[in-house]
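What follows is a single structure, written as structure tokens, with notes after it.
The values are calculated or read from the model by the stated rules, or taken from the named source; none is laboratory data. Nothing here was measured: the structure is a model prediction, and the numbers come from that model. Side chains are part of the model used for accessible areas, which takes the heavy atoms of the whole protein and leaves out ligands, DNA and RNA. Shrake-Rupley method; radii C 1.70, N 1.55, O 1.52, S 1.80 Å.
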Amino acid sequence: MGYAFQWLRSLIFTAQAYAMMVPMAVAFLPWAMVSRKGAWAAVHAWTSWVRWTASWMIGLKSEIRGPIPEGEVMIAAKHQSFFDIILICNVLPRPKFIMKKQLVWAPILGWYALRIGCVPVDRGRRGAAIKAMVEQVNSGKLEPGQLIIFPQGTRVAPGVKQDYKVGVAVLYQELGAPVVPAACNVGVFWPRHAVYRKPGLAVVEFGPPIEPGLPLRDFLGQVEQVVEERSDALMAEAGFPQIGR
């Protein structure tokens, strides 16, 4: 009975969260059309709404740990579900993503993503995707802000191992900017493909920045070690049974 009630609460929460996108997007549209500040304000308003409603509608509270990155940095983040995107976007001043090209056509989401400076790439063609990302960086067309990339390339469920892709290391070399590892445990509470949301404390943790200048292989190894070890620790804190790596 308890599971069924939480499932129903989760369904109502999810429906209202997505429904709230429309009035917020419309309300911020005039400002967003004349200034990117309006687009970022819309993102911050909606993500704040989701965090607040999650806390009392389904008992899913959220917390950010570590210094919040500012300025021109890249965030190499663990990606377990939509909620880690929500938390990261909520606290970064000017978040932007390397995102899959198909999202450009998503109603509301696609336009706002482009407006805040997200970079669409075709993830189905790995070499072309990396080349496109590098060209965006070298062209100077990339908007100022915090560039978020998911080193594993997609959402990865808790306990599942997936390799880190070379694209994040290539961008690290091209940008010549610090990279901040970001760990999380949100997949324990907010799964990739399910309605049910588990109550608890979802955490995103920013680690110390990795400064420019490391060899590609060393950088990739360091990012993977920090993100995976800290994500495992956060998931263990949330009661998730760890699987040996």
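List the pairs from LYS78/LYS101; LYS78/LYS198; LYS61/LYS100; LYS100/LYS161 whose alpha-carbon separation is above 23 Å, in the order I gave them. Write out the running numbers ahead of the final one.
On the way: LYS78/LYS101 20 Å; LYS78/LYS198 19 Å; LYS61/LYS100 28 Å; LYS100/LYS161 21 Å.
Beyond 23 Å: LYS61/LYS100.
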Amide H within-cut-off set for LEU60, under 5 Å, with H built and near neighbours excluded:
SER55, GLY200
Part-to-part distance (alpha-carbon centres) for region 147-208 and region 1-41, which is given in Å:
22
Give me the 1.4 Å probe accessible area per residue for the chain, excluding ligands and nucleic acids, in Å².
48
In terms of modelled amide H atoms, which long-range or inter-chain residues lie less than 5 Å from the amide H of GLU72?
none
Once whole DSSP H runs in the chain are found, which of them have Cα atoms spread over 30 Å or more along the helix axis and a mean Kyte-Doolittle score of at least -0.5?
36-57, 216-237
Carbon-plus-sulfur fraction of the accessible area of region 1-96, 1.4 Å probe, in percent?
73
Sorted list, accessible surface of protein heavy atoms, 1.4 Å probe, largest first, for VAL179, VAL104 is VAL104, VAL179
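Beyond 18 Å, what share of the Cα-Cα pairs of region 1-86 is found? Please give it as a whole percent.
Working: 2060 of 3655 pairs.
Taking all Cα-Cα pairs of region 1-86, the fraction more than 18 Å apart is 56 percent.
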Semi-axis lengths, Å, the chain, gyration tensor of Cα atoms, sqrt of 5 times eigenvalues
28, 24, 15
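Determine the equivalent ellipsoid of region 150-199 by diagonalising the alpha-carbon gyration tensor, then write out the semi-axes as square roots of 5 times the eigenvalues, largest first, rounded to whole Å.
Working: eigenvalues 154, 28, 13 Å².
Those come to 28, 12, 8 Å.
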